[in-house]
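The values are calculated or read from the model by the stated rules, or taken from the named source; none is laboratory data. All values derive from a computational prediction rather than experimental measurement. Ideal geometry is used to build each Cβ from the backbone, glycine not excepted, and the neighbour counts take in all protein chains shown.
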């Protein structure tokens, strides 16, 4: 035994005698993870979060979250002797007078944009492949909660520097709070410590941004990952992969090296962006004052849809019994986002109610094989994209020489008309792709080779798929519709009445599929042709 | 529930194909060297970082295509840091892909559900626990505990009461009183009508009592926009017309939608536009909303001139300025 082995053995022995970790580690070092590029998306979100913690901690060493008035004396000449808040002055100090300060600020901002983007793309992957199905509904809900918090955390973060742009964002948040019926005025006075903007809002959101929310993030992310670990990862269907196994690489060493290496790659790319791509150059905006604004005010990308919805809202306000309700703020600012996020959180339960499927699923769906879900996803995405386009309507107008009115009316009409259209088109595309799969399995791949037969007929040679490919294209289930039971054998009406009717209706829409080839059909063709 | 017919049979995992480095020692050696080179490049990045941090002048700007004039120190430490991280990542991934085992293995999934006996046991012990606590038999304890626990949440909420003052009537009030002079912002100089040409726009504030300082809270409610048109261009009723002075009309600059500064004035159309959500107000028709999400016109301030010929407010705003709120009348 070498000296090194002896020392390692002693350390391991010391730890195990006090924790009993060896038994757990023995089992888990060889844990198998399936390999697919799309499983990387959640990893990007996790790594961005770590980058945010590191770069954010660096920034707190200099940032002064105070709205106390100071006169700027730093090295950025255009703002010299300008009166501003300590928050803005310290942000300028980080940007111009701390070595690497601007780099860390930009890394932090880029990481935040990537964090939310990675969560969204990860969520789309989970949605379109059906990874949220039993037993992973809890993790889906945790994911929706994390996305919601990430958006809030991002907004609070870019509101901290108290520059003209971020102050305008806070102004809008203030108006949303104030628009809440009955309690809005009180809530806004409590949140801002009095009239807008007051002197306490930035210190308050600072502690939420650097302590409260990151703490909640840590807790939720831990549970999210523990559940992934415990329930084992889902896998894409294919030969050798079943609902009862996991096929992939062991954690030690392949996955550790790949995942660890990938963390450095994500960090490196974020650092590269921070080095070369300017983001939020807030010294150009000047300090916040409620009487000024810059044209082309834009929030960070993940708030764009919300801003777009507010922009396209019709000018609706009602005055009843001396009270005002601002529907033009409430509907786009609170009600629609509320519906979107609640609907998202409940979706696994809605789908399992429609399909009547209460079994566990560890094999992922190919999106085309679940046309209704895929179409629903495309529909929701279309809604969000149009909202987001409208959020940038002023920028689009100036870049493409359009008027804001044209874009606004396109959005107002489009957000109602285009999502259902996207649903229908996506469903058709899915069914066509199913048809193509069926064709491939039964008649093979077109090779492009034309052959003249002895009697002069030309045919194109089709090449039969490999058994593995054939299996991959036919392994999925095709659900049958739930039969509507109007009354039972003794003539008693179904007590669920209308609910059963809706369920049967949705389930029959869900069961619309192109029949996949069966073994019998394949066999028949094979015996006929060859 | 699925109309499952006989599916095609599963051919099982495909046979494992060895990589070049698995069978060829030369290829393996080459991969090893490549990994080592990648790790060394990371070290070069760290050196660049250190060099830029200590030895590059912080006032040195260099020209980089696309980026333009760039601070050399920030760029150097940024690129150095990025390289030091990236190449560790590239090295590790390359190592895993070329030299670590790439044979897929199969692990069985255990059922998540507990054994039925464990479940039964759990229910039994949970019931026994509840039984021995006697919650079911002693409703008085149960109810009083529920009530007490509910009430105990109250202090937590009440403690937040002092987060801010009650709004009172403050949202309906601004610093504008009848006779308040309009002063320039910035500059705080009183204004005569002749200071504004036809077509001109100016931001003004109410004149402060001597020695007082303007707060951001004041600006958030007091900011006013002066616009001068030809009197004949107005389409106002008699009352609103009397609030103008020689073609000068004054509106609250705080958007009636969400409180942004309504700062974009288009001289040719005489429209005011809010850059936040594009609510558009027609100046000639008392800032009537002609486009966008705002539901109310900008409040108009009645103005006239005092004995010295300076512009003053005739009266306070007749309605609350800024975004709507529940208690707002009208």
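Residues in segment A:230-272 that are assigned to a helix (DSSP H, G or I) and closer than 15 Å to residue A:360 by Cα: 2 in all. Scanning segment A:397-406 for residues that are without any contact (Cβ under 8 Å) to a residue 40 or more places away in the chain and not in a loop (DSSP other than H, G, I, E, B) yields A:397, A:399, A:400, A:404, A:405, A:406. The residues of segment B:283-330 that are within 14 Å of another protein chain (Cβ to nearest Cβ) and closer than 16 Å to residue B:265 by Cβ, listed by number, are B:287, B:288, B:289, B:290, B:291, B:292, B:294, B:297, B:298. Of the residues making up segment A:140-165, not one is within 13 Å of chain B (Cβ to nearest Cβ) and within 25 Å of the chain's Cα centre (by Cα). Filtered by the rule that a residue be crowded, with 19+ Cβ neighbours inside 10 Å and either within 8 Å of another protein chain (Cβ to nearest Cβ) or at negative phi (or both), segment A:270-282 gives A:270, A:271, A:272, A:273, A:274, A:275, A:282. Residues in segment B:158-178 that are in a helix (DSSP H, G or I) and either away from chain A (no Cβ under 14 Å) or within 22 Å of residue B:325 (Cβ to Cβ) (or both): B:160, B:161, B:162, B:163, B:170, B:171, B:172. Going by the conditions given, is residue A:181 farther than 21 Å from residue A:119 by Cβ, in contact with a strand residue (DSSP E or B) (Cβ under 9 Å, 6 or more places away or on another chain) and either assigned to a helix (DSSP H, G or I) or in contact (Cβ under 8 Å) with a residue 40 or more places away in the chain (or both)? Yes, satisfied. Residue B:179 passes every criterion in (1) surrounded by fewer than 10 Cβ atoms within 10 Å (Cβ to Cβ); (2) under 30 Å from residue B:307 (Cβ atoms) apart from (1). Kindly indicate whether any position in segment B:136-151 is touching a helix residue (DSSP H, G or I) at 6+ places or on another chain (Cβ under 6 Å), surrounded by 11 or more Cβ atoms within 10 Å (Cβ to Cβ) and away from chain A (no Cβ under 14 Å). Taking every residue of segment B:136-151 in turn, none turns out to be touching a helix residue (DSSP H, G or I) at 6+ places or on another chain (Cβ under 6 Å), surrounded by 11 or more Cβ atoms within 10 Å (Cβ to Cβ) and away from chain A (no Cβ under 14 Å). Identification of helices (runs of 4 or more DSSP H) wholly contained in segment A:1-94 with 1 or more residues that are out of contact with any strand residue (DSSP E or B) (no Cβ under 9 Å at 6 or more places or on another chain) and touching a residue at least 60 places away in the same chain (Cβ under 8 Å) yields A:21-28, A:40-60.
Picking from residues in segment B:59-110 that are more than 8 Å from chain A (Cβ to nearest Cβ) and in a loop (DSSP other than H, G, I, E, B), the one that is surrounded by the most Cβ atoms within 10 Å (Cβ to Cβ) is B:99.
As a summary of the residue check, residue A:362 satisfies the conditions (1) within 13 Å of chain B (Cβ to nearest Cβ); (2) under 30 Å from residue A:315 (Cα atoms) except for the one numbered (2).
So if I check each of A:46, A:59, A:41, which one is crowded, with 18+ Cβ neighbours inside 10 Å, assigned by TED's automatic domain parsing to the domain that holds residue A:233 and under 30 Å from the mean Cα position of the chain (by Cα)? That would be A:59, the only listed residue that is crowded, with 18+ Cβ neighbours inside 10 Å, assigned by TED's automatic domain parsing to the domain that holds residue A:233 and under 30 Å from the mean Cα position of the chain (by Cα).
Within segment A:174-185, restricting attention to residues that are buried (at least 20 other Cβ atoms within 10 Å of the Cβ) and over 16 Å from residue B:321 (Cα atoms), the residue that is nearest to the other protein chains (Cβ to nearest Cβ) is A:184. Where helices (runs of 4 or more DSSP H) fall entirely within segment A:278-396, those with at least 1 residues that are touching a helix residue (DSSP H, G or I) at 6+ places or on another chain (Cβ under 9 Å) and within 30 Å of residue A:78 (Cβ to Cβ) are at A:304-312, A:371-391.
When the residues of segment A:405-443 are filtered to those that are within 14 Å of chain B (Cβ to nearest Cβ) and touching a strand residue (DSSP E or B) at 6+ places or on another chain (Cβ under 8 Å), the one that is surrounded by the fewest Cβ atoms within 10 Å (Cβ to Cβ) is A:405. In segment A:466-482, which residue that is in contact (Cβ under 8 Å) with a residue 60 or more places away in the chain and more than 29 Å from the chain's Cα centre (by Cα) is farthest from the other protein chains (Cβ to nearest Cβ)? Ranking the qualifying residues of segment A:466-482, first place goes to A:482.
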